Amino acid sequence: MEESDVLLPKVPAVVPVDKKMILDSALKKLSLVIERQETSRLGSREFLSTIVLAGFIDKDTLMPESRTFHGVYAETEELAMSSVYDAVLGHLQSANMIVIHDVNYQNLVKTKKALNAADTWSMLFESALANANKKIAARDSVAAQLLASIEAVCDAHRLQLPVQLTSYVEPNGAERVCLLYNGAGSPSTPLDVLAKLLVDVHAQLQSSCESGAPQP
C-alpha cells in the first residue's frame, strides 16, 4: 500500500448535485418555463414547495397547458425545494422526456438492459408454465373421463368381472375410487384378463393424475 493511500478517506465523500441546475438545463432543452414557484410554511417546522410548469402540450387537444408539481413536507425550505425538484425531474424521466446523463448513466443503462433481459426471460417462463399447465389440465380431464368410464364398466358388470369397486373420502374432502382385482392369481380366462387389465389401467391413470405438475 502506498503512503498516499493512508491519507485517503475510509468512507466515500458525498458529492452533492445541484438539482436546480439539472432542472434548469432540462427545462431549457424542453422549452418549458417555470410559471410559478413557491414554498409555503405550514407549521413551525413544515414546508411544502410547489412548481407550476408551462409549455406542455395536451396530447388530445394539442393545446398548451400548465402542470403543477408538489414536493413532500420537509423541515426546511431548502429540503422542500429539493423535494419538488425531484418531483419534476422524476416526472420528466418517467415520461421519457429526458435522460439525465451523469457519471452513473452508463451503469444505469447496463442495469436497465439486465432488468429488461430478466423481464423477458420471466415473461417467457410464465408463458411456458401457462402452456404446460394447460396441457396438464387437458391430460387430467381426459384421464378423469377414462377413469369414470372404467369405473362405470366395472360397476355395471361386477357380477361377471372379478373386480371389487370401493370408494372413500380423502382428508382433503375428495372422493377416491379404488379398483381391486380379486380373481385368480394368474388370470387365465378372458374375463380375468380383462378385469386385471382394467384394474391396472385404472391405477396407472390415477397415478398419472396425482403426479406432480407445474403450478401457476
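Let me confirm something: among V142, V199, which residue is open to solvent by less than 60 Å² (accessible area, probe 1.4 Å), at pLDDT 85 or above, more than 30 Å from V14 (Cα to Cα) and not in a loop (DSSP other than H, G, I, E, B)?
Exactly one residue qualifies, and that residue is V199.
Results for (1) closer than 27 Å to D24 by Cβ; (2) at pLDDT 90 or above; (3) not aromatic (F, W, Y), shown as yes or no for each residue.
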{"position": "L53", "(1), (2), (3)": "yes, yes, yes"}
{"position": "Y73", "(1), (2), (3)": "yes, yes, no"}
{"position": "T76", "(1), (2), (3)": "yes, yes, yes"}
{"position": "L79", "(1), (2), (3)": "yes, yes, yes"}
{"position": "V84", "(1), (2), (3)": "yes, yes, yes"}
{"position": "N104", "(1), (2), (3)": "yes, no, yes"}
{"position": "N131", "(1), (2), (3)": "no, no, yes"}
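Give me a count of the residues in segment 170-196 that are in a helix (DSSP H, G or I) and out of contact with any strand residue (DSSP E or B) (no Cβ under 7 Å at 6 or more places or on another chain).
Qualifying residue count, segment 170-196: 5.
Within the set of pairs 6+ apart or on separate chains, which have a first residue in segment 49-77 that is under 10 Å from L32 (Cα atoms), a second that is surrounded by 14 or more Cβ atoms within 10 Å (Cβ to Cβ) and β-branched (V, I, T), and C-beta atoms under 6 Å apart?
Cβ pairs passing all conditions: S66/V52.
Condition check: farther than 30 Å from L27 by Cβ, surrounded by fewer than 13 Cβ atoms within 10 Å (Cβ to Cβ) and within 36 Å of the chain's Cα centre (by Cα). Does A174 satisfy that?
Taking the combined requirement at face value, the residue satisfies it.
Just wondering, is there one or more residues in segment 155-169 that are open to solvent by 70 Å² or more (accessible area, probe 1.4 Å), in a helix (DSSP H, G or I), of a type in the set (G, A, S) and over 30 Å from V15 (Cβ atoms)?
Yes - at least one qualifying residue is present in segment 155-169.
The values are calculated or read from the model by the stated rules, or taken from the named source; none is laboratory data. From a predicted model like this one, the values you see are computed outputs, not experimental measurements. Note that each Cβ is placed from the backbone with ideal geometry, even for glycine, and that neighbours are counted across all protein chains shown. When the accessible area is computed, the model is the full protein with side chains, heavy atoms only, and any ligands, DNA or RNA have been set aside. Shrake-Rupley method; radii C 1.70, N 1.55, O 1.52, S 1.80 Å.
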